[in-house]
Amino acid sequence: MDYTKYRRDIIMLETGRRETQSGQEAERGYLKLETGNNKGALRCVVQKLRYGKPGDYLFKLLLFGKRGEKVLHAVVGDLVINRQGYGESYFRFDPRDVDGRGNSLDDYSVAIVAAASTTDIKEPLHPLLRGVLREEVVPASSETALQEKKTEESAEEARSLGPDQETESMQGAAVPASSPSIEENEETTPQADSAGSPYTGEPRKKYNDFYNKHLLHFCRYTGQVSGFYEKVNPFEEDPTGAQWLKLLNVEEIPLVSPGARHFAKMHRHYLFGAKPDSEGMAEKYYFAVPGRPVNEDQPDGGLSGFTHWQPFSGSEDPMVGYWIACVDAKSGDIEEY
């Protein structure tokens with residue numbers, strides 16, 4: 001893989017169960033991986049992460065993979081978690097040699113967060129969260145190796161950290177997750193365009209599909225990490241049937257809509273919604289930006305898809321509400337509401 005080009009991937013870390021035995025919300029998290037210019041950075045965010053009594057265990061981020069017939073593992077480093085089980089840790093690495101043994105990012109395919117005893121260095125690690133870094137069949141022996149692997153570093157007392165702090169390390173790395181592929185649609189074009197210019201007859205590439213896939217990638221990822229955003233019920237009567245989140249990072253709106261970005265910046269937020277089908281899978285996505293039901297507040301005059309307006313239930317002013325755009329969850333097309 002060429003690590004000189006910039007790439008960013010998000011890897012979800014999950015337990016495979018929704019609740020713990022005590023009835024509390026299950027632990028979860030995600031990895032944000034960035035590579036470029038032969039350098040790498042990894043941010044690991046976890047939530048509700050607990051194991052054993054406080055102080056008896058610290059948490060480690062590890063990678064597993066396979067090179068030929070050899071199962072590989074690498075310790076990225078320790079995660080700093082506060083008493084509530086929240087933490088955000090930051091690591092730097094060399095993507096060409098993530099473990100000091102000549103193995104690159106592409107050799108690893110699974111990330112695991114595990115608990116390590118601070119009182120018994122011979123106690124095996126306990127896997128808590130798992131994430132697939134790239135779509136590839138990983139031998140079961142890698143999971144077994146985790147159970148058998150002894151803690152490689154001296155046990156040290158777990159430290160407390162607020163969610164807004166972070167630590168840095170030069171040890172370890174991660175592997176880019178398989179982002180939605182960006183394929184180019186090739187279609188045979190006519191022998192001349194509208195101006196009559198002749199073509200060579202070879203298929204001409206069209207890149208419109210990139211924008212739809214980029215939009216769907218954002219929507220699906222936001223749905224996966226919905227627990228990290230504020231859930232809201234903005235409408236008293238909502239024909240969309242969507243479940244809504246309030247997002248504050250207005251710079252990341254994936255829609256090509258200068259008007260939506262303008263009003264989101266003005267009000268410092270926008271809403272993201274997803275409508276589930278009978279099986280719980282998203283069939284429609286929605287973006288909503290604050291505005292009055294007047295022409296000057298409608299993003300781009302409706303040309304970017306913001307054609308439906310709904311009043312905000314939390315205001316006594318009937319002019320306060322949101323303009324809404326609808327996205328098909330299969331095609332990524334922006335549709336009329």
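The values are calculated or read from the model by the stated rules, or taken from the named source; none is laboratory data. None of these values were measured; they are calculated from a predicted model. FYI the Cβ positions are ideal-geometry reconstructions off the backbone, even for glycines, and counts take in every protein chain you see. Side chains included, ligands, DNA and RNA excluded: accessible areas come from the protein's heavy atoms. Shrake-Rupley method; radii C 1.70, N 1.55, O 1.52, S 1.80 Å.
Working only with C-alpha atoms, what are the Rg and Dmax values of the range 1-129, expressed in angstrom?
Spelled out, the Cα radius of gyration and Dmax of the range 1-129 are 15.5, 47 Å.
Which GluC sites (Glu not before Pro) in the range 293-337 pass both tests, a DSSP loop state and at most 10 other beta-carbon atoms within 10 Å? Before the final figure, lay out the partial values.
Numbers: sites: GLU296, GLU316, GLU335, GLU336; in loops: GLU316, GLU336.
Here the GluC sites (Glu not before Pro) that fit, given the DSSP loop and packing criteria, are GLU316, GLU336.
Okay, which of the range 247-263 sit inside 12 Å, backbone N to the point 7 Å along the Cα-Cβ direction of GLN84?
What the label zone holds, given the 12 Å backbone N cut-off, is no residue at all.
Please list, by residue number, every one of the trypsin sites (Lys or Arg not before Pro) in the range 251-320 that is coil in DSSP and has at most 12 other beta-carbon atoms within 10 Å. Walk me through the numbers on the way to the answer.
Working: sites: ARG261, LYS265, ARG268, LYS284; in loops: ARG268.
Passing sites in the range 251-320 are ARG268.
Among the lysines, which have Cα under 30 Å from the Cα of LYS284 when same-chain residues fewer than 8 positions away are ignored?
Filter leaves LYS32, LYS48, LYS205, LYS206, LYS213, LYS231, LYS246, LYS265, LYS275, LYS330.
Sorted by mean Cβ packing within 10 Å, highest first, what order do the peptides 241-247, 305-311 take? All intermediate terms of the calculation are to be shown ahead of the outcome.
Values: 241-247: 17.9, 305-311: 20.0.
Averaged packing, sorted descending, gives the order 305-311, 241-247.
For the peptides 53-65, 207-219, what is the packing order when you average, over each peptide's residues, the other Cβ atoms within 10 Å and list the highest mean first?
Working: 53-65: 20.3, 207-219: 15.8.
Top to bottom by mean Cβ count within 10 Å: 53-65, 207-219.
So what are the ³J(HN,Hα) numbers for the range 215-227, from phi and the Karplus equation (6.51, -1.76, 1.60; θ = phi - 60°), rounded to whole Hz, Gly and Pro as x?
Each residue's phi maps through the Karplus curve to give 5, 5, 4, 4, 4, 5, 5, 4, x, 5, 9, 4, x Hz.
Largest first, what is the accessible-area ranking of TYR51, TYR285 with a 1.4 Å probe? Please report the intermediate quantities before stating the final value.
Details: TYR51 80, TYR285 20 Å².
Sorted by accessible area, descending: TYR51, TYR285.
Skipping prolines and chain starts, which residues have an amide H placed within reach, meaning under 5 Å, of the one on LYS48, given they are 5 or more residues away or on another chain?
TYR86
Taking a point 7 angstrom from the Cα of GLU230 along the C-beta vector, which residues in the range 262-301 have backbone N less than 20 Å away?
Under 20 Å, as judged by backbone N against the label point of GLU230, lie 262-274, 286-292 of the range 262-301.
To the nearest 0.05, how large is the calculated FRET efficiency for ASP56 and GLU237 if R₀ is 45 Å and r is the Cβ-Cβ distance?
Numbers: r = 51 Å, r/R0 = 1.14.
It comes out at approximately 0.30.
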